[in-house]
Each structure stands twice: as C-alpha cells, then as structure tokens.
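Notes for the one structure printed next.
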Amino acid sequence: MAPNVSSQRGLTLAGLLVIIGLIIALLGTGALLLGRERARVRDAVRLMDMTQFSAAMRLVYSEKGSYASAAQGCPTKGTLMSSCSVTPLLASISQLKDPGRFTYQVLDVPDTDSFAIAFTLEQGHGSLARGSHVLTQDGIR
C-alpha cells in the first residue's frame, strides 16, 4: 500500500506577501535613487547656467570696463537673472531659468565692479554644499 502523500504546488499566502513586500521595497528604493539623481542633474544644470552667466558678465566687463551696462534689464534687487541685459553676449539668457522649484535672483544690481546672483543647490555638487549660494564677480560662494 502506497503512502497517501499530497503534493501541492504553489505559494503560500505568507510567501506571496514576502515577495510583494520585496517588490515594493525595491520599487521604493529605485524611486528614491531616481529622485536623488534627478536633483543632481538639476544642480549640474544650475552650475552650468551660473558658469554661462559669469562668462557673459566677464565679457561685459572686458568690453565696457564695468558690469553696470548689464543692469539695464535687472535694475532692482530681487529681479530674475534672466532679465539682465547681456543678451548680445548670451543670447539664451532668457532661457536660463532654474530647472526646479527655485529661481535665480539678483542680489546686488550690477554696477561698476560687482554683481551678485543667488541660486540654490538641492543636493550639492563637488565642494559646494546643498543650499543657497551666490555667484559674484569673484566666483561662487
């Protein structure tokens, strides 16, 4: 007489719940890493924008001996950097807008020998920590 062995195949409810939990954990981790990577890319775009604006301002200074001519479009503190008058040198300045939820704002109106533009990094980049930074004629601080 053969023993009565019941061979059922398939997952138990507990096994199925464990698999679902692992899938959810992997998806959550992937979404978190993707969000961080997107923030790093936005920070890289911000730094590229600041580099372009700084180069345009250096050209203004070398041609005119002053940053003041760039102030025609951004005459007051708090205006957007994209309104500053460096268009002949940086035709795409109107497109230099923060890629995220922040803005590039004029902190010090361009004058004879100085200017300041505020911007924010989400994750930080290289030696620059996350948070608020200022682009001046001397670089980023």
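Computed from the coordinates by the stated procedures, all read-outs in this text should not be read as laboratory data. This one's a predicted model, so the numbers in the text were calculated from it and none came from an experiment. Reconstructed Cβ throughout: ideal geometry from the backbone, glycine too, with neighbour counts over all protein chains shown.
What the table below lists for this structure:
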{"read-out": "Qualifying residue in the range 35-45 (condition: under 30 Å from Thr112 (Cβ atoms) and in contact (Cβ under 8 Å) with a residue 24 or more places away in the chain)", "value": "no"}
{"read-out": "Subset of the range 29-68 (residues that are crowded, with 16+ Cβ neighbours inside 10 Å, assigned to a helix (DSSP H, G or I) and hydroxyl-bearing (Ser, Thr, Tyr))", "value": "Ser54, Tyr61"}
{"read-out": "Extreme residue, nearest to the chain's Cα centre (by Cα), among residues of the range 120-139 that are within 12 Å of Phe53 (Cα to Cα) and either of a type in the set (Asp, Glu) or assigned to a strand (DSSP E or B) (or both)", "value": "Leu135"}
{"read-out": "Residues that are part of a helix (DSSP H, G or I) and among the polar types (S, T, N, Q), drawn from the range 69-78", "value": "Ser69, Gln72"}
{"read-out": "Every pair of residues 6+ apart whose Cβ atoms lie under 7 Å, when the first sits in the range 58-79 and is in contact (Cβ under 8 Å) with a residue 24 or more places away in the chain while the second is part of a helix (DSSP H, G or I) and surrounded by fewer than 19 Cβ atoms within 10 Å (Cβ to Cβ)", "value": "Val60/Ser69; Cys74/Ser83"}
{"read-out": "Residues that are within 18 Å of Val41 (Cβ to Cβ) and either surrounded by 15 or more Cβ atoms within 10 Å (Cβ to Cβ) or in contact (Cβ under 8 Å) with a residue 40 or more places away in the chain (or both), drawn from the range 104-129", "value": "Tyr104, Phe119, Thr120, Leu121, Glu122, Gln123, Gly124, His125, Leu128"}
